[in-house]
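Undergrad: Would you mind keeping the following structure in view while I ask a few things?
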Amino acid sequence: MLRFLARRLLVTLLVIACTSVLAFSLVHLSGDPAAAMAGEGASPADVESIRRLYGFDQPIHTQYFAWLGKILSGEFGRSFYLRQPVVSVLAEHAPVTAKLGLSALAFALLLSIPLGILAGLYRDTVIDRFALGLAVAGQALPSFLFALLLVYIFGVQLRWLPISGSATWLHFVLPSVTLGYYAAPALMRLTRSGMIDVMQSDHVRTARAYGLPAWRVVLLHALRSAIIPVVSLAAVQLGFMLGGSIVVETVFSLKGLGLLAWQSIQRSDIEVIQSILLVIALIYALLTLLADLLNALIDPRIRIS
């Protein structure tokens with residue numbers, strides 16, 4: 001187990017290192033950051049002044065290592081637009097995105113895993129077609145349209161739930177359903193296909209031959225094997241929810257990282273953009289590592305191989 005953990009940690013560190021290079025390079029490859037920060041009406045002297053102030057006149061590798069050194073020391077710089085430390089800006093917006101992502105993933109798992117189990121056990125029946133229909137609808141319906149439908153039905157007509165802000169947990173219900181429903185189809189189909197394969201395996205037939213109750217065979221024997229790829233996909237989906245919730249945060253007026261990233265791109269706020277890219281990539285890498293460790297605990301064959 002220690003050797004498996006060491007290998008996974010090494011891979012994670014390499015991924016984070018490569019991602020830091022990409023996060024730094026993408027901003028610079030998109031154009032002259034000094035000109036973008038100065039604005040359209042800036043004079044060449046103003047652009048040159050900003051270039052010297054932020055060190056953009058230095059060689060690119062010198063800029064990268066200087067930026068990386070500040071990141072490793074916990075210094076993420078200052079927002080050019082907001083005039084605040086980037087750490088403070090991220091600390092203000094990150095909790096909203098974390099709450100949204102975790103609640104959306106919880107909804108997606110509560111919807112997809114039971115439906116996937118039932119669809120796998122009752123293949124080619126009405127239950128299976130119903131589950132697949134929900135999956136197709138979830139992928140075909142644009143998230144912004146689904147969000148507006150929820151707002152109109154539950155917020156405007158029925159007035160059951162608030163439609164903007166993040167003051168209470170009720171404010172996260174509609175955004176979580178919107179974001180979670182979009183992620184549920186892939187999880188449901190993967191659970192379904194895994195259950196279909198596992199229910200035909202030897203160890204499940206052996207468990208049935210011993211006369212174990214059906215629920216025990218399904219939950220303790222079949223689901224334990226079928227859930228392994230679902231854990232990996234759930235980690236990726238959570239990373240997507242944390243980094244790709246711009247539309248949902250905009251519709252429901254949630255001040256999270258997704259909305260902050262979009263606003264920072266419009267403002268050419270270089271320091272904030274780089275920090276958000278790095279934080280989201282770090283979350284992806286750590287979630288993938290966590291998924292690998294959970295899979296290794298569920299199935300010992302993974303860490304042995």
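Undergrad: Lys and Arg at +1, Asp and Glu at -1: add these up for the other residues within a Cβ distance under 12 Å of L134 and post the number.
TA: Once all neighbours under 12 Å are counted, the net charge is +2.
Undergrad: Sticking with this structure for a sec: Based on the mean of other Cβ atoms within 10 Å per residue, sort peptides 263-271, 108-116, 173-181 so the most packed one is first.
TA: The peptides rank, most packed first, as 173-181, 108-116, 263-271.
Undergrad: At a 10 Å Cβ-Cβ cut-off, how would you order W169, W67, W262, fewest neighbours first?
TA: Exposure proxy ranking, most exposed first: W169, W262, W67.
Undergrad: Counting only helical runs of four or more DSSP H residues, what would the 222 nm mean residue ellipticity of the chain come to if each run contributes -39,500 (n - 2.57) and the total is spread over all its residues?
TA: -23500 deg cm²/dmol
Undergrad: Hey, any idea what the orientation-averaged projected area of the convex hull of the chain's Cα atoms comes to, in nm²?
TA: For the chain, the mean projected area of the Cα convex hull comes to 20.3 nm².
Undergrad: Now a separate question. Once amide H atoms are placed 1.01 Å from N in the peptide plane, what residues at a sequence separation of 5 or more from R78, or on another chain, have their amide H within under 5 Å of its amide H?
TA: Sorted by chain and number, the residues that satisfy this are V86.
Undergrad: Moving on. Going by Cα centres, region 47-111 and region 224-270 are how many Å apart?
TA: With region 47-111 and region 224-270 each reduced to a Cα centre, they are spaced 15 Å.
Undergrad: So, counting K/R as plus one and D/E as minus one, what does the shell of residues with Cβ under 10 Å around S79 add up to?
TA: Here the count lands on +1.
No value in this document is a laboratory result; all are computed from the given coordinates. The model shown is predicted, which means the values in this text are computed figures rather than measured ones. Don't worry about glycine lacking a Cβ; one is built from the backbone with ideal geometry, like all the others, and counts go over all protein chains shown.
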